[in-house]
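A quick write-up on the structure given underneath.
Just so you know, all these numbers are worked out from the coordinates, no wet-lab data involved. Computed from a prediction, not measured in an experiment: that's the story for all the values here. Cβ: placed from backbone, ideal geometry, glycine included. Neighbour counts: every protein chain shown.
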Amino acid sequence: MRRRGRCRLTLLIALLGLGLGSAPAAHAAPPVLDGGTPTPTYFSPDGDGKRDSTRYSFGLAGSRSWVTLTVWTDAGGQPGALFRTLLADSLPAGQYRFAWDGKSDAATIVDGGYWLRCAAENADGAASLAPARVVVDRVAPAVAVLQVDNPYTPDLPTADDSATVRLRVGDLGEKDRLTLYFRKRGSPAVVDSSYRNVSLATVPYDVAGEFDARLDLTLLTDGLYEVRAKAFDEAENASFADGPDLDVDVEAPEEDLTEPAAQYRAVALTRVRGTVSDRSGLGLLVVRVSSPGGAVADSVCRPAAPCLDDTVAYDVEVPYEIGRRDTVTITVSAEDLPGHALGTTHTVFVDSLPPPAPVIDPASVPQRIGRPVLEDVSGTATGGAATVTLYLDGDSLATASVAGGRFTRDLDLVDLALGPHALTARAVDRAGNVSGPSPPESLLYAENPGVDAPERFTVNDLIQVNLGGPGQQVSVFVYTLHGKLVRTFAAGPSASPYYEFRWDLLDEEGQTVGNGPYVLRVLAELADGTRFEERAAVVVIK
C-alpha cells in the first residue's frame, strides 16, 4: 500500500515539471504607431526652394521596436514596388519626423504617386504598419490668355456686369488653382500685389483646353488694365501668362473746345474748333453753333459712318457774321460706340465795342502829397468794364477790379519825382476791349514841411525850414523852457521851399543867452494858403 502511494506522487510531480497543469503563455502586444502623416502631400523636388521635400511624422509607443520607413511606387492606389529605404533602425518610444527629398539611390524618380510605409516590430515579432500616399509633381499647369472681350461697360443698363476672358489651360489638377490679376495702365510698376486678384473657383479640375472665365469687375474704374493669369498647383509649381488689355469703359467721351479759347472775345467769330476723345470710338458727334444771326450744325460722326479713332477733331465754319455784341451758343453732342453720351454747351460773348472811359473820384486824389503813396483811389466804371488800369503820367501803374460799377485801389508810387503829376484810368471789359482815358486828376508831390536844427546848438548854427513848396511867410520863435520869448526870425515870400536862419545866440536885447535847452516854434504860410506849424528842441552849448 505504501509503494502505490509514492508512485502516484512522483507522477504528479513529473507532470507538473512538464507543465502539463499550467495556463497557456500570453502573446506580446504590437508597437503602437501614431500619426503617419506626410506634410505636404504634394511636393516638387526641383530645387527651387518651394516644397522641395515632404516630411513624414509618426509617434512610437510601447517597447523598443525595429522601425523601417520605406518608399514604394503607386500601383492602382496601393503600394507597388519598393523604391527607397529611408530608415531601418531600432527606436525607443517617442515622436519622430523624417524628410524625403524625392530622390532615390537606385532609380530615377518620375512624377506621380508614391507610398510612404512606416513599419514597427518588437522583439516578440509583433508588428504595426502606417502607410500614407504622397504625390511628386514638378510640372506647372499651363495657362494662356487668348482673348478679352472689350470694352467692358458694366455701367450701361443693357450691359452685362461680367467681364469675359478667354483662357487656355493644361495639366490642371484637382488641387490646382487659377487666378487672374488686373493692374491699371500707368500705375506704379511694383509687385503683383498691385493687381486686383480674382480667383476662378468654378474652374473644373480636369479642364485641358479653352474656356471662358466670367468675372464681376464692377469695382474697376475707367481705363486700360493689364491682364495676367497665374496657374499654380498644390506643389507650388506656377506659370504666368500675360494677355490683351482689358478696356474698362464707364465714362462718357471727353470734349475740348479750342476755338474760341475764351468765353469773351473782342473779334468776330468765324470758326469753331475742338476735339472729342474716347478710346472706344464715336458713333455720334454733332456740333451746333447758334446766335441771333443764325445757326449751323455739322455731323462729324454718324451711326452709319462712325469714327473709330481715339480722338476726333471738329472744325465748323460759321457762314454768317458774329461781331459787335452777340451771344453765341455752341452745343457738342457725342456718344461713344458702347453708348455713353456727352452733351456740353458753351456760351461765348462776342463784343468788339469798348466800354466808356472810367471816372476817377476827385476827392480820392489829394492835390498835394508828401510821401509817394496814394490810398483808396476810387472811381466809377460802367458799360461792362471788368477791370480798370491806372496810369501816372501815361505809364501803367496798377490794375483794379470792378464790382458794381466801382473800383478802389491803393497806389505805391515807387521812384516818384518831386513835382506835379497826372493820374488817369482806362477801363477793360471781359472781351479785352480798352476804353479811352479818363479825365486826368492832378497831384503835386512835395516833401512834407519840417524844421531842422542841430540838437547841440552852438553860435551861428543854422535853423533850416523846408515848406515843401513856395512860401508866403515864415516866422521862427525861440523860447526858454518856461515860455519866455528869447529871439524872433522872419522871412517873406519865396519861390523856393527852403528857408535858413542863422542864430548868433543873442536875444532880442543883444545879450548872449545862457547854456541850456530852448524850444523853436515855426509858423509858416505857403503860397497856396496852406498853413504849417512845427516845434523842435535844441540845447545851447557855448
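Given q = 0.11, 0.15, 0.19, 0.21 Å⁻¹, what are the Debye log10 I(q)/I(0) values for segment 32-136, with equal point scatterers placed on the Cα positions and solvent ignored? With one equal scatterer per Cα and no solvent, log10 I(q)/I(0) is -0.33, -0.60, -0.91, -1.07. What's the Kirkwood radius of segment 254-351 in Å, using all Cα pairs? For segment 254-351, the Kirkwood estimate is 13.7 Å.
In this rough spin-label picture, where each label sits 7 Å from Cα along the Cβ direction, the Ala88-Leu485 distance is 14.4 nm.
Evaluate E = 1/(1 + (r/R0)^6) for Ser352 and Arg185, where r is the Cβ-Cβ distance and R0 equals 51 Å; express this FRET efficiency to the nearest 0.05. The calculated FRET efficiency here is 0.60. Using 0.36 nm per residue and subtracting the Cα-Cα separation, the extra length available between Asp101 and Asp376 on full extension is 89.8 nm.
Based on DSSP, what percent of beta bridges with both residues in the chain are antiparallel, to the nearest 5? Roughly 95 percent of the DSSP beta bridges within the chain come out antiparallel. In a simple Cβ point-charge model (Lys, Arg +1; Asp, Glu -1; nothing else charged), the chain has a dipole of about 4020 debye relative to its Cα centre.
Of all lysines in the structure, the ones whose alpha carbon falls short of 22 Å from that of Lys103, not counting any fewer than 8 places away in one chain, are Lys50.
Multiplying the residue separation of Asp309 and Leu146 by 0.36 nm and removing their Cα-Cα distance gives an extension gain of 56.2 nm.
For the pair Thr408 and Trp66, the difference between a 0.36 nm per residue extended length and the Cα-Cα distance amounts to 112.3 nm. Which one, Ala398, Ala357, Phe477, is farthest towards the positive end of the dipole of the chain when Lys and Arg carry +1 and Asp and Glu -1 on their Cβ? Of the options given, the answer is Ala398. Once Rg/Rh (Cα atoms, Kirkwood Rh) is calculated for the structure shown, the corresponding label among [x] 1.49; [y] 1.11; [z] 0.96 turns out to be [x]. Phi angles of segment 485-498 translate, via the Karplus equation with coefficients 6.51, -1.76, 1.60 and θ = phi - 60°, into HN-Hα couplings of 6, 9, 8, 10, 10, 8, 8, x, x, 8, 6, 8, x, 9 Hz per residue; Gly and Pro are given as x. Taking the empirical scaling 2.2 N^0.38 Å for compact globular proteins as reference, segment 359-445 has a Cα radius of gyration ratio of 1.04.
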